[in-house]
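Here's the structure, in structure tokens; my notes come after.
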Amino acid sequence: MTLFLPFFFGFLSAVVGVIPPGLINMTAAKVGITDGRKRAMMFVLGATIIVFLQTYISVMFAQYINQHEEIVVLFREIGLGIFMALSIYFLFFAKEPKINPQEKLQLKSKRSRFFMGMLISALNFFPIPYYVFISVTLASYKLFNFEASSTYSLVFGIVSGSFFVFYCYVLFFEKLQSRTEFLIKNMNKFIGIVTGIVALITLVNVLKFYF
């Protein structure tokens, strides 16, 4: 159970962070349509390797932050503001996501799709601060510690969650528009509710620290 929790929450946080249409998953879907599933999976594998490196760096940085309580509290307060802002944005201002399989992505590189996946994933810097925050938050709730076994469990959970979402985009991209139209149309509301719940939990814990 000790190792299951970091893996589970790592997997869940990766799914929440990666599932909105973005450069990596949309490019993976496009490669699957134009070049076939095998080459798309090579692209996904390359992207996932970079995700592993980014996640490991994030957890190591989070370990340093976790040793300084004042930084942990600061991160919670920053996270509270971020999640509140995200909730307001996704619930009231974000436009409805649109997935257009006919849209052409500029894939100019003729090199291996594996290295293309690594390159595009490396250009995405969002995972590092995101997983730093996830690691610190889980550690503050005693759901994760920075021992080697727990660290690798969290990292592999995040990598598995990322790979799962990428794979789903490759496998079910054409079906996403026709069979899960309701989910796509309401994705912003779903994300807004999730971030709102996280903001509420964070607010309670910030207040507990001061009072």
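Every read-out reported here was derived from the displayed coordinates using simple, explicitly stated rules and does not represent laboratory data. None of the values given here were measured: they were computed from a predicted structure. We place every Cβ from the backbone using ideal geometry, glycine too, and count neighbours over all the protein chains shown.
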Checking rank on 151-163, 15-27, 131-143, with mean other Cβ inside 10 Å and highest first, the result is 151-163, 131-143, 15-27
Across the stretch 37-43, in residue order, what do the Karplus-derived ³J(HN,Hα) couplings come to in whole Hz, using 6.51 cos²θ - 1.76 cosθ + 1.60 with θ = phi - 60° and x for Gly and Pro? 5, 4, 5, 5, 5, 5, 4
Calculate, for Leu123 and Leu203, the FRET efficiency according to 1/(1 + (r/R0)^6) with r their C-beta to C-beta distance and R0 22 Å; round to the nearest 0.05. 0.05
Which whole-Hz couplings ³J(HN,Hα) result when phi for each residue of the stretch 130-142 is put into the Karplus expression 6.51 cos²θ - 1.76 cosθ + 1.60, θ = phi - 60°, listed in order with x for Gly and Pro? 5, 7, 4, 5, 4, 5, 5, 5, 4, 5, 5, 9, 6
Given a Förster distance of 25 Å, report the FRET efficiency between Leu3 and Leu45 from their Cβ-Cβ distance, rounded to the nearest 0.05. 0.55
How far, in nm, would the chain grow between Phe92 and Glu147 when pulled straight, counting 0.36 nm per residue and subtracting the alpha carbon separation? 15.7 nm
